[in-house]
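The values are calculated or read from the model by the stated rules, or taken from the named source; none is laboratory data. Quick caveat, the model's predicted, so the values are computed rather than measured. Because the Cβ atoms are built from the backbone with ideal geometry, glycine has one as well, and the counts that use them run over all protein chains shown. Each accessible area value is taken on the protein alone, full model and side chains, heavy atoms only, with ligands, DNA and RNA left out. Shrake-Rupley method; radii C 1.70, N 1.55, O 1.52, S 1.80 Å.
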Amino acid sequence: MKILQIEEPGRAVWKDAPVPAPGPGEVLLRVLGVTTCPHWDMHILGGQPMFPGMKLSYPYLAGQPGHEALCEVAALGPGVTKLKPGMRVAAWRDTGKPRQGFYAQFNTFHEDDLLPVPPSLDASQIASLELAMCVEVSFQQLARLGEISGRRIGLAGLGPAGLLAVQLARAHGAAEVLGIDPVADRRELALKLGADRTAAPDAAAWPASRREGALDDAIDLTGIPASIEFLMDRTRHCVALFGVLREEVRFASRHLFGPGLILMGYGDHNRAAAETALRFIAEGKLRLDPLVTTTLPFSRYGEGVELLRAKQAIKVLFDPWI
């Protein structure tokens, strides 16, 4: 088979490798398509750790950082009971374990980390289910404090996660969805996907106030302190954090009263969140394909990552068979 390996920063090779054998509880998967997780791809190919304190070594694990995949079950390992050969499945979570990734023609994965998906869905429509699960976890966090239905929800950062969050907020019954991003094209796409309004993060155009005209709740999908604090100054109840936080955020005295603001961290990845996202996809309330700007072969991986870096693509779908 063929597999991608980032051998050193800036250099990825599409090379030969043996087809892996599934272990206990695992299945062998024929990979049909994989979507980028842009920050992972840009960081790892660029020689930068994705998370603070993360140690990088090269050559990087073969097939990584690919983890958003649509596959077909090719063979069963010992003890597999939930899946059968020929079934189409999507990886619903990245286990975080050091193992081969999905940037390959074949991969093995535990059956518990896969969800059967309708055969009518192509890779652009379902490969990013793992990301949809991740974003749904933030809505689970907000739901701990009360119903999302009927509330005014703000979403900062209209990259792939933010564009899914727009649709998930609508699917959960938000009364109004406001998308915030400096890039006009992203704001326009958010409107097409269900946002009621969009705005640039302009303090002059939108003065800080946690009362008149404020959001009920918000999710930050950037991890940038300036973006988080912009939301904190314009939200009544809760700001939930989704983006990877690399710097400190200032919680000031103005956030303590009238009413007191909740700054909420992230939750745990869970199958229920993936199943909710899959249900919304089946019901037509969540579309993943508008996030896919182009489809490329893995021999053009570096080109695809450059499209992400230049913001000329939201996501790139890689087809391992072209």
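When Ile228, Ile219 are checked against the criterion of being of a type in the set (Val, Ile, Thr), open to solvent by less than 30 Å² (accessible area, probe 1.4 Å) and assigned to a helix (DSSP H, G or I), a single residue qualifies: Ile228.
Would you check if there is a residue in the stretch 241-251 being within 20 Å of the chain's Cα centre (by Cα), assigned to a loop (DSSP other than H, G, I, E, B) and free of Cβ contacts under 8 Å to residues at least 24 places away in the same chain?
Yes: the stretch 241-251 contains one or more residues that are within 20 Å of the chain's Cα centre (by Cα), assigned to a loop (DSSP other than H, G, I, E, B) and free of Cβ contacts under 8 Å to residues at least 24 places away in the same chain.
Restricting Pro160, Pro118 to residues that are of a type outside the set (D, E, K, R) and touching a Lys or Arg at 6+ places or on another chain (Cβ under 6 Å) narrows the list to Pro160. Ser227 meets each of the listed conditions (1) within 19 Å of the chain's Cα centre (by Cα); (2) at pLDDT below 95 apart from (2).
Across the stretch 15-47, which residue is farthest from Arg93 (Cα to Cα) among those that are in contact (Cβ under 8 Å) with a residue 24 or more places away in the chain and open to solvent by 60 Å² or more (accessible area, probe 1.4 Å)? If we take residues in the stretch 15-47 being in contact (Cβ under 8 Å) with a residue 24 or more places away in the chain and open to solvent by 60 Å² or more (accessible area, probe 1.4 Å), then Val19 is farthest from Arg93 (Cα to Cα). Criterion applied to Ala240, Ala272, Ala277 was being closer than 24 Å to Asp94 by Cα and in contact with a strand residue (DSSP E or B) (Cβ under 8 Å, 6 or more places away or on another chain), and the one residue passing it is Ala240. Taking the conditions (1) more than 15 Å from Cys37 (Cα to Cα); (2) open to solvent by less than 70 Å² (accessible area, probe 1.4 Å) in turn, Asp289 satisfies each one other than (1). Could you tell me whether Asp268 is within 28 Å of Glu130 (Cα to Cα) and open to solvent by 70 Å² or more (accessible area, probe 1.4 Å)? Against the criterion (within 28 Å of Glu130 (Cα to Cα) and open to solvent by 70 Å² or more (accessible area, probe 1.4 Å)), Asp268 qualifies.
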